[in-house]
1. Does A14 satisfy the criteria of being outside any loop (DSSP other than H, G, I, E, B), hydrophobic (A, V, I, L, M, F, W, C) and at pLDDT 95 or above?
2. Just to be sure before I move on: is A159 under 20 Å from A266 (Cα atoms) and not polar (S, T, N, Q) in the structure I sent?
3. Any residue at all in the stretch 433-449 that's at pLDDT 95 or above, of a type in the set (K, R) and not in a helix (DSSP H, G or I)?
4. Could you figure out which of (1) farther than 29 Å from G367 by Cβ; (2) crowded, with 18+ Cβ neighbours inside 10 Å; (3) within 16 Å of the ligand (Cβ to nearest atom) isn't true of A265?
5. Suppose the filter is within 23 Å of S25 (Cβ to Cβ) and buried (at least 16 other Cβ atoms within 10 Å of the Cβ); does A437 pass it?
6. Which condition number does L458 fail, the rest of (1) part of a helix (DSSP H, G or I); (2) under 20 Å from G377 (Cβ atoms); (3) of a type outside the set (D, E, K, R) being met?
7. What residue, of G312, G269, G305, is at positive phi and not basic (K, R)?
8. Residue by residue through the stretch 90-120, note down the ones that are surrounded by fewer than 17 Cβ atoms within 10 Å (Cβ to Cβ) and of a type in the set (S, T, Y).
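The values are calculated or read from the model by the stated rules, or taken from the named source; none is laboratory data. Because the structure is a prediction, the values reported are computed rather than measured. For neighbour counting, all protein chains shown are included, and Cβ atoms are generated from backbone atoms with ideal geometry for every residue, glycine included.
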Amino acid sequence: MEDLAEQHEHLGRAVTRIIADFAASLDSRPVATRAQPSDLETIFAEELPENGIAVDEILDRFTGEVAAHAMGVPSPRYYGQFNPTPLPIGVWADALSSALNQNAGAWRNGPTSAMIEARVMRWLCNLLGYGPRSFGTLASGGSEANLIALKCARDKSHAEVIHQGVRAAPADLVVYASEQSHYSVVKSADILGLGREGVRKIPTDDRFHVQTDLLRAEIARDRKAGRIPCCVVGVAGATSTGVIDPLPELATIARENNCWFHVDAAYGGALAFSAQHRSKLKGIEEADSIIFDPHKWLFVPFACGAVLVRDGASVLREAFDISPEYLSEDRGGADIEYDFFRYGQMGTRRFNSLKVWMALKFMGRRGYEEIIERQIGLTHYLASRLDEMSGFERLGEVETAVCCFKFLPETARNGTVEDQDRLQQRLQQQIERSGEAWITTTILGGRRAMRVNINSFLTERRHVDDLLELLKRESDKLIGEKGKGGKG
Ligand SMILES: Cc1ncc(COP(=O)(O)O)c(C=O)c1O
């Protein structure tokens, strides 16, 4: 085997070529593969090799088979979930972080990683309007970050819960969140022993914001029944619609009811970078906890979430710190507070702060501001063009870079709602099969709708024009089928 430095040199050059070629082809390669699971099962059905294989052969397999059938998440024509084109500096920061292989759990195993994580968290806290006491920790993503925040909320509700579990609480604890909140809120309640039914899904208005009068009524009902309202969750950038709940009012309701106030800004937190859109987050600074995912609108490669708490590191430490003997606190020095394993559920942790730190330094606030404002502008453009297209009906409002709509041609208007739902799915599938773009569907108001998120910093107006053309072309085909007696 070559020595370590030679291996890195060889691999580094070869991988750089692959990544650069991939980047150059992004605009023209199909966004989604046509392969079915069985096709890929066949490709990868092989035994564990007895002897090692040369790296060039492995890299050929990567290019020809792995990358060839990968989802085109980094494409400017990918309009799916909040999955970004990763910033090159983030991609290469990941390589650097792997090379150093710091264990970012304990200070001693990653002194610079701990210091950079603390610094990055300070930047994010300041950006979102938190004061100097605030603190944060990185997590694997928004789901884990929500779990960490809700654990803090649960533990604050009653002193003994952390030791004895929820049976120590005098009554059932209840969490309140919009029906548009991410499913990880319910998952977290389940994991934390509150049960999935411990989450009240509050209906939204026709613009998909949580209805605060219904929230108040639900809390009153629970109180009357002897249950304990524990946490109010506000969403800043809902998964399906990108809209932002009325945070100041939610903060008041939480305060009046002695509840923890948590804001899920996994996606929308990035609005804080924009002077033009920052005010949409008003009220977020009142939250006891906030989550914000660098791997969504900050274009940091997966996986990287963050949870921030207003009242200081002790909030997270009280919920998570356990000192095993081998990481004993009793070692003197000022390093204990930089043991990030004390602030969340992970033990061994990746040096993830490096890619966030490098991305933030590379972009600066203004770099993010420019892209975020451009993407929201493009989304408004898409929305206004859809408003002019017959057969399309927009849903809700554009508050971030998400636009929802339905394809409802004249021929489908009198059909059943199930037929209308199927039509959305068929249009989505046709667009997927075309390979020219990728969009998703979601459920809004109980019915299927189309959803577009402009989340690649590579997306330009010409891509949006192409998407509109594609929607027109594929929807015309569906209308044609219907005209010929096809099923709608
Ligand atoms: C609003 C919101 N919160 C939380 C999450 C969960 O984040 P992750 O997928 O990183 O776990 C998502 C994911 O899309 C989301 O949209």
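1. Answer is yes for this residue.
2. The answer is no for A159.
3. Yes, the conditions are met somewhere in the stretch 433-449.
4. Of everything listed in (1) farther than 29 Å from G367 by Cβ; (2) crowded, with 18+ Cβ neighbours inside 10 Å; (3) within 16 Å of the ligand (Cβ to nearest atom), A265 misses just condition (1).
5. yes
6. (1)
7. G312
8. Residues satisfying the conditions are S98, T112.
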